[in-house]
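Participant: Quick one: structure below, then a few questions.
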């Protein structure tokens, strides 16, 4: 196959693939503000980069990316586009139903948008596998799960929205899109807003005893430039460490998932 | 007030409460198999017990419990009742809209059903606070978050579905409902099914790099008696340690949440 | 079986029951104001009491109660919680689908909330039996149908919302929950609002030639304390007469329903 | 106005009417089998006839009829067309929202289809008046409510589906549409199917203590020719008595409804 | 058969028809302003007239008409009734599902409402034939397609909403319903509003390079009397030429459609 | 601005744009088979190419593309992904609502997928502008409308699915993606299937008098390789003529649309 991207192949290429394999990756991004320096497409670039590199190493196909997903709390920032959870669930279901008809059986969603998308994507996966297509197998991942070297890569930076890791990721894989001169050197003091009821760092620390939710009006107040994190230490090198670790973890999973038959 | 339960009060009692406070707890349980020894109501008993005791200590009101929620993977076990995620979301929304009309502003969902409910409940909370009632504040908790002493209480037992902690909880608060002679002494070897792609223990260990989903047909295969955990070490004493820790954590949160005004 | 309540049983208890019978009762209540003396849970207490006593006498199982249903016209009274009709329909459908999977075939909804719930429950029953699960059999009842001795029990009291019968019912089965000192001694003169276009008494008289609807804003005007009825003659003795009559009628039906095979 | 039917008027005619009045009638029929002699449109003819004659006598406008509604249990009989309850609810809501925009405030649904439609129409009325347009006033009627002389008109005939009254009604108002030679002279013995759990006559007798539902597969079994009633005594004269009584009752209501302002 | 209208037949008549044929026509109209002279029912009269005459000539059955459909941009004009597209789609689906159960296989929608209805009707047709009932065959027509002699019949009049052709059609088939003295002699200068981005005439000229949409607020501004067209040249003779051409074209299609078996 | 693509900009870039303009382009593609030579992404490549080039020439912003839309009749061909119309409508609505919050007022959908998408996109545009956001202005275009030089560019080739024009378009703008050696030299004889009831060429000829629909099962029969058209004459030069004409037409429209204020 000349490409892992279904959009670059003919239907006969896909038919040929299905003679030998039945796994497909669905990259899900977002169009959502990422502070004064990050482009609105950060999450989709992350999903594209991870999905593509893991697919190439494992010879699996990838659907075109979904550029829109569930981003309600960023809606006060121009350019942000948020799908309602129900819409996102239905998009995923329609994609899976379409592909299942002709022989795909294993679906791996590579989410680049972190936690906000997880509930809708989880519901889509569970309803598909339980009620609609019980013979398929769904899997879901995200940088929050895939990255197992966060603390060593980012050092002391607390990684929250628009943090060093995701900004560095874009710098490494999509050079030129980050406005490096605008990278903020201060983080939002989230504990002043949420006390202990927020995770200290997206990649580490325990879940708080209660989960709080905030909306876009609140967020615009406590994070007026859109970034939660200091990201002035971002670099393509950091991005590469972060990326390679995730791709390696994903490649290992895909190899196992190909053999999974329960 | 003679009771924290709204169903035991008159509307004038509630009006009086609203003159001074605006917080309400919504306990969400399930009706779902809990192995050969646990009653189908385990999760709702958990939510009721935690909500009631925390409410009494903080003088807040509690709605009647929701006995049904999202339990698809238990559907091969007779007596299990599962709401579709969309139904559950709408029940929560209708409850919150009804109460908000007359003055409630802070809503604390105490889920007793663990992770399976979290996506639907999260979507309900986020949509309510973002799109529908931006002046309310939603909070969500669950034993998975509230319990901060799991390992010391349960020792080496791996806590999965129908584990020592939740079984002991019922033994402590609702004596007589657990069939103690049927408590299983073996756990399901989940790693044989999911390799490393499942959490070692619901209350500890890292999230795996990819989340896998299973349906009721698979679960009936790999956990034929319905329990994932050995729970023969369960006891009312263990239940009390587990319960008191959670109630204390929740009481501390409620006190803070009353003051939260962002 | 130690209990008729599914939530108190294990899934193996339910499986055992299904070896011999296939009927289940679903009690549906509400959380809705019942005047200055009645607790908000009146309707659910009614459904629980009737369902439980009839189930014990006929050895059938009962699901946990649904504490929330369709109560729009009470929404100006704090503590009232109303599900949209569509939500209520979906809850009933999800309950029935879940139970039907493992062998239940006959479903008896015991509504405690009177007429307001009937449209949504009827639609759920009809759609289930026609379009979704044509082999099941649905039945629906309510105090409005079950009580055949209303006039002899309540005497001249016109029974409308929060009337002598339903208040007495709670006094008999759940002593302590009615604030007896607040029982109103006046009824709302409904004919001043609706002329002849309202039933004289919920348990008697002809349907008017046209049905009128009112919303919560209107109701708050014409029934400012929430009760439509004088209920100061309520008593546990009256409640017992009312209750026993309904349970006897329901027991007779259940016995017949077990034999119904058309 | 030359016509009471909105479809026969120009929008300027309607605007003129709204300068003086704000009430409109919505006739709702069905397309559903009515036995070997009754045309499929019986219920719509009933709604049209009642609505038109009452409208002419009170100078109110009528929307075009809705020829389709909720008829699930007749679906085994060719030509029957049934809307799902949700569809019917939405049609009614869309009609009312459209008309309310330009000044209509009072909506009177004249249902010709009897009980099966009542749940969906009731939900539409209640949701419109409670949640969507609280300043409108909804009213709903049907031959089951409007006819107050049933027993004197029909004598001993038990009136069920396709009974003497509704057949006679068509003979009187739409002569030629009933195949008189095919009028059945036997009724279905409903008590053999439903014991006492069915009303003895649609226009008389008490509601049974439990409501049972049946689907089209059952109905085709117990009423193979589609009629439940003997209707060979039908006549235009009977139809006139039935019709005039209903129109008179409706005219009285409309006059009162025009003055209703609560 | 005495009639082509299903509502005038018994179910046994329909069963008999299904022994020999399986095609049915569904006429779809609207209730929507048609300027100062046209009645609100113009589109439904068109659908009824075309469907009936073509059905009589080809011996096929016709369902009762749907008097309501998608008319949003006319909503500022009293009497207009608009269904939401989703409602209209569901009505069509429910009609088709009902009829398909007993043997209808070919469904021909005769829309009288022109372009505004086409999207919803198209979606209904496509979803039915693709996802829900793949063995049925759907066809859709409208005066915009059926009329092949527009320019010779209407001469130089630009035909837009409430134009000479549709007004003449009503004058021919439903004499007395058009207020002839009010027929406007001026057309709206649509190009002043939409430049070249609107079709010059509904029956001729190329589609513009971009489609613009307008809502009822805009339309009330640029077409304050509701008509877009000069229609003072309308006549029953013109209506007959227009009608006969459409019926002939439809008859030819129906004959072919009966033989279509792919 | 360095880019017209919102995903490549920061939210502050977008805010700056909104100080001066309020128009945005939404490119909508599909992932759908395009015969043995065309990649599955043809339609999205078309939308991207047209949108980008017109945006650059007019200094307007473009959202990321939507890669999935309504393609039901291609579902038998592996790799095709089809959204249900309702899903597509909701995606468009969510995108527009998100952007409207912060100041966008004019939305131009550039569809690359031709006619199949038009119904859903039209409904989205009309509902948004009528019911949800009456102050916005929606516009919709597609190669079917935009291309005004089709016959001179493609000569005698009948352009249907996967025809010379759209294949050449990809060859010009995305060289390397078309498998040129597989370009079919025969077209499907559509008139054998649909007689005269199909357009002779997507870019020319009259609409037939009735529209027929076909599903994926039928299409797989009559067009087994997925292409309807002979496309072996495709070339980058042809693609350039086609593309430039469309971009010029779109640029002219955008300039006019910026001034449109009705």
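The values are calculated or read from the model by the stated rules, or taken from the named source; none is laboratory data. Only a predicted model underlies this, so the values are computations on that prediction, with no experimental measurement involved. With ideal geometry, Cβ positions are generated from the backbone for all residues, glycine too; neighbour counts draw on all protein chains shown.
Participant: In this structure, does residue B:135 turn out to be under 25 Å from residue B:13 (Cβ atoms), in contact (Cβ under 8 Å) with a residue 12 or more places away in the chain and in a loop (DSSP other than H, G, I, E, B)?
Facilitator: When the stated conditions are applied, residue B:135 passes them.
Participant: Could you list all residues from region A:142-151 that are more than 9 Å from chain B (Cβ to nearest Cβ) and in contact with a helix residue (DSSP H, G or I) (Cβ under 8 Å, 6 or more places away or on another chain)?
Facilitator: Those that are more than 9 Å from chain B (Cβ to nearest Cβ) and in contact with a helix residue (DSSP H, G or I) (Cβ under 8 Å, 6 or more places away or on another chain): A:143, A:149, A:150.
Participant: Can I ask one more? Report the residue count in region C:98-115 for those that are touching a strand residue (DSSP E or B) at 6+ places or on another chain (Cβ under 8 Å) and within 9 Å of another protein chain (Cβ to nearest Cβ).
Facilitator: Adding up the residues that qualify gives 4.
Participant: Can residue B:90 be described as surrounded by fewer than 24 Cβ atoms within 10 Å (Cβ to Cβ), part of a helix (DSSP H, G or I) and within 9 Å of chain C (Cβ to nearest Cβ)?
Facilitator: yes
Participant: Which of the residues belonging to region A:152-170 are away from every other protein chain (no Cβ under 12 Å) and either more than 16 Å from the chain's Cα centre (by Cα) or on the phi > 0 side of the Ramachandran plot (or both)?
Facilitator: Result: A:152, A:153, A:154, A:155, A:156, A:157, A:158.
Participant: Could you grab me the full set of residues in region B:72-87 that are touching a strand residue (DSSP E or B) at 6+ places or on another chain (Cβ under 6 Å) and surrounded by fewer than 24 Cβ atoms within 10 Å (Cβ to Cβ)?
Facilitator: Selection gives B:72 alone.
Participant: Now, a different point. Does residue C:138 satisfy the criteria of being more than 15 Å from the chain's Cα centre (by Cα) and away from every other protein chain (no Cβ under 12 Å)?
Facilitator: Answer is no for this residue.
Participant: Moving to a separate point now. For region A:27-44, indicate whether the set of residues that are closer than 26 Å to residue E:130 by Cβ, touching a residue at least 40 places away in the same chain (Cβ under 8 Å) and over 15 Å from the mean Cα position of the chain (by Cα) is non-empty.
Facilitator: No, there is no match, as no residue in region A:27-44 is closer than 26 Å to residue E:130 by Cβ, touching a residue at least 40 places away in the same chain (Cβ under 8 Å) and over 15 Å from the mean Cα position of the chain (by Cα).
Participant: Among the residues of region C:73-87, count how many are facing chain B (nearest Cβ under 9 Å) and assigned to a helix (DSSP H, G or I).
Facilitator: Residues in region C:73-87 being facing chain B (nearest Cβ under 9 Å) and assigned to a helix (DSSP H, G or I): 3 in total.
Participant: I want to confirm something. Restricting to region D:195-205 and keeping residues that are more than 8 Å from chain C (Cβ to nearest Cβ) and under 25 Å from the mean Cα position of the chain (by Cα), which single residue is modelled with the lowest pLDDT?
Facilitator: Only one residue fits best here, namely D:205.
Participant: Considering region F:1-10 alone, what residues qualify as being touching a residue at least 24 places away in the same chain (Cβ under 8 Å) and within 9 Å of chain A (Cβ to nearest Cβ)?
Facilitator: F:5, F:6, F:7, F:9, listed by residue number.
Participant: Go through region C:123-132 and give me each residue that's at the interface with chain D (Cβ under 8 Å from one of its Cβ atoms), surrounded by fewer than 23 Cβ atoms within 10 Å (Cβ to Cβ) and in contact (Cβ under 8 Å) with a residue 12 or more places away in the chain.
Facilitator: C:126, C:127
Yes/no matrix, rows are residues, columns are (1) part of a helix (DSSP H, G or I); (2) out of contact with any helix residue (DSSP H, G or I) (no Cβ under 6 Å at 6 or more places or on another chain); (3) more than 7 Å from every other protein chain (Cβ to nearest Cβ); (4) closer than 23 Å to residue B:33 by Cβ:
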site: C:12; (1), (2), (3), (4): yes, yes, no, yes
site: C:16; (1), (2), (3), (4): yes, yes, yes, yes
site: C:20; (1), (2), (3), (4): no, yes, yes, yes
site: C:36; (1), (2), (3), (4): no, no, no, no
site: C:40; (1), (2), (3), (4): no, no, no, no
site: C:43; (1), (2), (3), (4): yes, yes, yes, no
site: C:50; (1), (2), (3), (4): yes, no, yes, no
site: C:53; (1), (2), (3), (4): yes, no, yes, no
site: C:56; (1), (2), (3), (4): yes, yes, yes, no
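Participant: Taking residue F:120, is it on the phi > 0 side of the Ramachandran plot and either within 14 Å of chain A (Cβ to nearest Cβ) or assigned to a helix (DSSP H, G or I) (or both)?
Facilitator: no
Participant: Filter region D:138-151 for residues that are farther than 18 Å from residue D:119 by Cβ and either touching a strand residue (DSSP E or B) at 6+ places or on another chain (Cβ under 9 Å) or assigned to a helix (DSSP H, G or I) (or both) and give the result.
Facilitator: D:146, D:150, D:151
Participant: Given the residues D:24, D:60, D:56, which is the only one that is surrounded by fewer than 21 Cβ atoms within 10 Å (Cβ to Cβ) and farther than 24 Å from residue D:229 by Cβ?
Facilitator: Only one candidate passes the filter, namely D:56.
Participant: Oh, and also: From F:237, F:210, F:251, grab the single residue that is within 7 Å of chain E (Cβ to nearest Cβ) and in contact with a helix residue (DSSP H, G or I) (Cβ under 8 Å, 6 or more places away or on another chain).
Facilitator: Result of the check over F:237, F:210, F:251: F:210.
Participant: Still on this structure, I have one more. Please verify whether residue B:66 is touching a strand residue (DSSP E or B) at 6+ places or on another chain (Cβ under 7 Å) and closer than 23 Å to residue B:214 by Cα, treating the condition exactly as stated.
Facilitator: Considered against the rule, which asks whether it is touching a strand residue (DSSP E or B) at 6+ places or on another chain (Cβ under 7 Å) and closer than 23 Å to residue B:214 by Cα, residue B:66 comes out as no.
Participant: Please verify whether region B:100-108 includes one or more residues that are more than 14 Å from the chain's Cα centre (by Cα), under 19 Å from residue C:90 (Cβ atoms) and surrounded by fewer than 24 Cβ atoms within 10 Å (Cβ to Cβ).
Facilitator: No, region B:100-108 contains no residue that is more than 14 Å from the chain's Cα centre (by Cα), under 19 Å from residue C:90 (Cβ atoms) and surrounded by fewer than 24 Cβ atoms within 10 Å (Cβ to Cβ).
Participant: Read through the list (1) free of Cβ contacts under 8 Å to residues at least 40 places away in the same chain; (2) out of contact with any helix residue (DSSP H, G or I) (no Cβ under 7 Å at 6 or more places or on another chain); (3) within 11 Å of another protein chain (Cβ to nearest Cβ), then give the number of the only condition that residue C:227 fails.
Facilitator: Of the numbered conditions (1) free of Cβ contacts under 8 Å to residues at least 40 places away in the same chain; (2) out of contact with any helix residue (DSSP H, G or I) (no Cβ under 7 Å at 6 or more places or on another chain); (3) within 11 Å of another protein chain (Cβ to nearest Cβ), the odd one out for residue C:227 is (1).
Participant: Which count do you get for residues in region C:177-191 that are within 27 Å of residue D:262 (Cβ to Cβ) and in contact (Cβ under 8 Å) with a residue 12 or more places away in the chain?
Facilitator: So the answer is 8.
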